[in-house]
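First the structure, in the form of structure tokens, and then the observations on it.
The values are calculated or read from the model by the stated rules, or taken from the named source; none is laboratory data. Quantities reported herein were computed from a predicted structural model and do not represent experimental measurements. Reconstructed Cβ throughout: ideal geometry from the backbone, glycine too, with neighbour counts over all protein chains shown.
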Amino acid sequence: MADQHGKQCRILIIENNDEIRTALAAELKNLGHMVFAASDRGEALAREDLDQFDLIISDLLDQEVSTQANAVRSFKVGVTSSQMRRTVAELHDIIEKTLWFKLQRIDVAEKITHVRVREKIDLELPSDLSLMNVVLEYLLDRVARLGLIKIEQSNLFVALEEAFVNAVKHGNRNDPTKLLRVTAELSAHEATFTVEDEGDGFDVSEIPDPRDPGNLFKSNGRGVLLIYNIMDEVEYSQGGTRLKMVKRPETPAS
């Protein structure tokens, strides 16, 4: 059984570690989906049938970087079908299983041996709030394991939750055929998050100031204010459809 609707998804896994590639493919095949695996990124992305996949999962160490000190670990999950995007119900279990597998089988085994190693996580998802918790929990776990920020004291979850909800509800109007792009770039010095929607955008300066007594009972603007108060840097661009947020440790890394 592929999913609760009985539909089979086509998934492409790009991973240069043989053991990890095989194990993840087995996990997703157990969900009933058609899984293809490749070890070479360039070769995989040159496939003529690339647009026929519903999801591409890539987890590769950048081979172009020669030194471990400057290495960038990249992880991407992307919806690829341009003709018909799968329903969230069809993709939810795949995304959840993939993030769970990465936490349990890959990230747990990784030893952060050099603080200058950088990590990039790129997620391209349908606009649906049911995906929010598993995505945010994964991102916060990666931040915590890198020793960047004390998660419990930072209110980072609150800021990311507000950004996610705003992009889905107000940006993409809860339309699952519109994509939500969430990127995290993590280093020993800061965590940078971008959340981008496919909506019409907005002018952040026109949001009513929730601190104004006249707006006391209005909900508009409270999420944006929280984000500004929690994060160290906040920048809206591309007409309000792209939000960049930066969070730094209270004590800079040495």
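Test Asn174 against the criterion of being of a type in the set (S, T, N, Q), at pLDDT 85 or above and in a helix (DSSP H, G or I), and give yes or no. Don't jump to the end; show me each part of the working.
On the way: of a type in the set (S, T, N, Q): yes; at pLDDT 85 or above: yes; in a helix (DSSP H, G or I): no.
No; evaluated as a whole, the condition is false for this residue.
Picking from residues in the range 5-30 that are of a type in the set (Lys, Arg) and not in a strand (DSSP E or B), the one that is nearest to Thr87 (Cα to Cα) is Lys7. Selection of the range 51-61 for residues being among the aliphatic types (A, V, I, L, M) and modelled with pLDDT under 90 yields Leu60, Leu61. Residue selection: Leu186 fails the criterion of being closer than 13 Å to Ala163 by Cα and either surrounded by fewer than 17 Cβ atoms within 10 Å (Cβ to Cβ) or modelled with pLDDT of 85 or more (or both). Residues that are aromatic (Phe, Trp, Tyr) and within 20 Å of the chain's Cα centre (by Cα) within the range 223-239 comprise just one, Tyr236.
Within the range 206-254, the set of residues being modelled with pLDDT under 75, among the acidic types (Asp, Glu) and surrounded by 11 or more Cβ atoms within 10 Å (Cβ to Cβ) comprises Asp209 only.
Between Val88, Val79, Val72, which is modelled with pLDDT under 85 and surrounded by 16 or more Cβ atoms within 10 Å (Cβ to Cβ)? Answer to the check: Val88.
Name the single residue, out of those in the range 97-122 being β-branched (Val, Ile, Thr) and modelled with pLDDT of 80 or more, that is nearest to Glu185 (Cα to Cα). Looking at the filtered set, the residue picked out is Ile121.
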